[in-house]
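The values are calculated or read from the model by the stated rules, or taken from the named source; none is laboratory data. Note that the coordinates shown come from a computational prediction; the quantities given were computed from them, not determined experimentally. All Cβ positions, even for glycine, are placed from backbone atoms using ideal geometry, and neighbour counts span all protein chains on display. These area figures cover heavy atoms from the full protein model, side chains too; ligands, DNA and RNA do not enter into them. Shrake-Rupley method; radii C 1.70, N 1.55, O 1.52, S 1.80 Å.
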Amino acid sequence: MSRGTGFVAAVDLGATSGRVMLGHVGHNELSVRPVARFPNGPVQRADGLHWDIEALRGHVMAGLAAAVREEPSVASIGVDSWAVDYALVKDGRMLGEPFHYRDDRNIAAVERVHSLVSPAELYAANGLQHLPFNTLFQFSAEASLDADAFLLIPDLFGYWLTGRAFAERTNASTTGLLSVTSGTWDDALIQRLGLPRSIFPTLVDPGTSLGPLLPEVALEIGAELTVTAVGSHDTASAVVAVPAASDDFAYISCGTWGLVGVELEHPVLSEESRAANFTNEGGVDGRVRFLHNVMGLWLLSESLRAWGRDDLPELLAAAASVSGSVPVFDANDPAFLAPGDMPDRIATWFRERGIQPPAGEVAMVRSIVESLAVAFADAVRTAAELSGKDVSVIHLVGGGSQNELLCQLTADHSGLPVLAGPVEATAIGNVLVQARALGLATGSLESLRSLVAAAFSPRRYLPRG
């Protein structure tokens, strides 16, 4: 259901690109359109891999100004991004560029943290899949945490826009320092790890007003707007926009990463879940995103970069025509995490196991997509088994929903229908949480999803054979 009509601006920052989208919500109406798109990615500095956050800030401000010029009645701004990375802030300024989660400083930090708290104890406390770049490991890699606050990337932009420091709860759940049972900062764990409690900001929920723009920001953008907390972890926003008609669905939010899981009311903290490396992250309205991280389209983008090619659609079309079987690799292997020559690393993975690597770029692309589809299907089955949730359909949203070969192979390997789209699910979820906070939409997540289903018809892929 919706009531009233209005526009909001969604800032959606991904690991390889960002965008500012205008969202319109009216009487049973929902639409989004881009007003700015810009690149994003790691930059190598003398001390490691970072984000060029000031360049990103400039793109966001220019995009918001463009949104206001295009639609002067914009009422609110919401910001979402990737998880775990942060800036340290002191005396109103940022203490250096945020490190990129793929930087190798985290490798030694994992061992230091586990010497203080065992993996099993960590899982019982935070419910998170072990990933070496989770924020608590990054904190252990810091030379100093002498700061007033740490701010995850969306919270940093909220601070720049409003001057107020908060931590939105869905993204905070990815730090490893939020209690999986209470949804509050885990003071006992923070103390045990020797972290300064004073740097942890006040937590807020999606839909909370963060306040008006700072006067100088309003002047730069050209309007006086409110900033609204959304599901600021991009996957939390994407799951809001899954156009599900019932609750028996699994989702795959597929971009740089493939986040594969189910939506639950309560976390799953069993030893089996920990062994399977499944995570319990916060969702909008207190839901739990029970999921597993798969490498995602990073495997393809890094391969194209190594080959010096930018013709992925043509490669995918050729890969779809490959006859016979191709070897598949473990798309979850951490060997593929860092930037570098991805095709060479994949070929090495095969050779180390006595398997002949795919010959040529087209066969390699087919192997990558096939391997992703196998990993996605396995993760869906495991999520259903561990959670006890019935799954009869997979919703694949995000940029990966445009990859027809990936969607079809996921249906084939899972034996379940795959409904692909919307492509801009993260921005749509961002828009819907803002719209509900402003009274432009009402009701539960299911009500919001009905708006998505009416506005964006997914493409259906049925399993073959």
Looking at segment 221-260 only, could you name the residues that are more than 11 Å from the chain's Cα centre (by Cα), surrounded by fewer than 24 Cβ atoms within 10 Å (Cβ to Cβ) and more than 16 Å from Ala9 (Cβ to Cβ)? Pro243, Ala244, Ala245, Ser246, Asp247, Asp248, Phe249
From the list Asp344, Asp390, pick out the single residue that is exposed (fewer than 13 other Cβ atoms within 10 Å of the Cβ), closer than 26 Å to Gly415 by Cβ and more than 22 Å from the chain's Cα centre (by Cα). Asp390
Working carefully through the options Asp52, Asp80, find the one that is open to solvent by less than 60 Å² (accessible area, probe 1.4 Å), closer than 16 Å to Ser17 by Cα and under 17 Å from the mean Cα position of the chain (by Cα). Asp80
For Ala87, state whether it is assigned to a helix (DSSP H, G or I) and not charged (D, E, K, R). no
On the given criteria, is Glu302 open to solvent by less than 20 Å² (accessible area, probe 1.4 Å), out of contact with any strand residue (DSSP E or B) (no Cβ under 6 Å at 6 or more places or on another chain) and over 14 Å from Leu372 (Cα atoms)? yes
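Residue-wise test of (1) within 19 Å of Leu49 (Cβ to Cβ); (2) modelled with pLDDT of 95 or more.
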position: Asp91; (1), (2): no, yes
position: Glu97; (1), (2): yes, yes
position: Arg102; (1), (2): yes, no
position: Ala109; (1), (2): yes, no
position: His114; (1), (2): no, yes
position: Ala125; (1), (2): no, yes
position: Phe137; (1), (2): yes, yes
Within the group Gly415, Gly398, which residue is open to solvent by less than 20 Å² (accessible area, probe 1.4 Å) and over 15 Å from Val230 (Cα atoms)? Gly398
Only one of (1) open to solvent by 30 Å² or more (accessible area, probe 1.4 Å); (2) touching a residue at least 60 places away in the same chain (Cβ under 8 Å) does not apply to Ala87, and that is (1)
